[in-house]
1. Quick one: compute the contact order of chain A, relative version, from alpha carbon pairs under 8 angstrom and 6+ residues apart, as a percent.
2. Take the alpha-carbon centre of the stretch A:1-40, take the same for the stretch B:15-45, and report the distance between them in whole Å.
3. Chymotrypsin sites (Phe, Trp or Tyr not before Pro), restricted to the stretch A:1-102: which are DSSP loop and have at most 11 other Cβ atoms within 10 Å?
4. Using a cut-off of under 15 Å, list every residue of the stretch A:68-108 whose amide N is near the label point 7 Å from the Cα of A:GLN14 along the Cα-to-beta-carbon line.
5. Ignoring GluC sites (Glu not before Pro) that are buried or in helix or strand per DSSP, and keeping those with at most 12 other beta carbon atoms within 10 Å, what is the longest stretch of chain B between them?
6. If we count trypsin sites (Lys or Arg not before Pro) as exposed when they sit in a DSSP loop and have at most 11 other beta carbons within 10 Å, what is the longest stretch of chain B that avoids them all?
7. Averaging over every viewing direction, what projected area does the convex hull of the Cα atoms of chain B cover, in nm²?
8. What are the ³J(HN,Hα) couplings of the stretch B:69-75, residue after residue, when phi is run through the Karplus curve with 6.51, -1.76, 1.60 and θ = phi - 60°? Round to Hz, x for glycine and proline.
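Values quoted throughout were computed directly from the atomic coordinates according to the rules given, and no laboratory measurement underlies them. In this text the structure is predicted, and so the values were computed from the model without any measurement. Backbone-built Cβ (ideal geometry, glycine too); neighbour counts: all protein chains shown.
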Amino acid sequence: GIQVEQSPPDLILQEGANSTLRCNFSDSVNNLQWFHQNPWGQLINLFYIPSGTKQNGRLSATTVATERYSLLYISSSQTTDSGVYFCADSYNNNDMRFGAGTRLTVKP
Amino acid sequence: DSGVTQTPKHLITATGQRVTLRCSPRSGDLSVYWYQQSLDQGLQFLIQYYNGEERAKGNILERFSAQQFPDLHSELNLSSLELGDSALYFCASSVARDTEAFFGQGTRLTVV
């Protein structure tokens, strides 16, 4: 099945710093999504980005489908950005497979 | 609010018992997914339904079963519960099989 690798597994930042999270796929990218799981466990949709680049405020994402990876950029990080960031993609247009996540801690 | 509703939010039950988790997808969504997230773990895909039919199966135990009803809501049944079944169970829905998916708030199951 599809393998989804996320890096780094853990990231600690000072408030105001920028960061880049990466997601690599073993198979073709179909329906890539980025999610943020907040400390209360909620999974929040960040981007649906099978290809190209999107921006939403301080966050942006880029997917290079031909090279099977996606990047999530967080600029001017805030403490509320803390949590776990997941990427996921569909396998055979059916189930979504998730990476293990990047745990981000933003310190004030 | 994602529009996906899961009930109950919390559930505490004893080992050996059976529980049913319910999911109402977003209006118009035909596809429903179930995931299990154990403590500090990633999301494990359990099963997917599309318009009432099972479409994909992941690491779902034989003690677990699910179905999607004609009104498109879905239920996940967990039986002969063990301590290791304690986890967050998420439901997600999407319009079709290859479109953006949205997650409910999850059901936190604690088996004691």
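1. 37 percent
2. Their Cα centres are 22 Å away from one another.
3. For chymotrypsin sites (Phe, Trp or Tyr not before Pro) across the stretch A:1-102 that sit outside H, G, I, E and B with at most 11 neighbouring Cβ atoms in 10 Å, the list reads A:TRP40.
4. Within reach of a label on A:GLN14: A:76-79, A:106-108.
5. The answer is B:1-61.
6. Answer - B:19-112.
7. Result: a mean projected hull area of 6.4 nm².
8. The phi angles translate into 8, x, 7, 6, 6, 10, 10 Hz.
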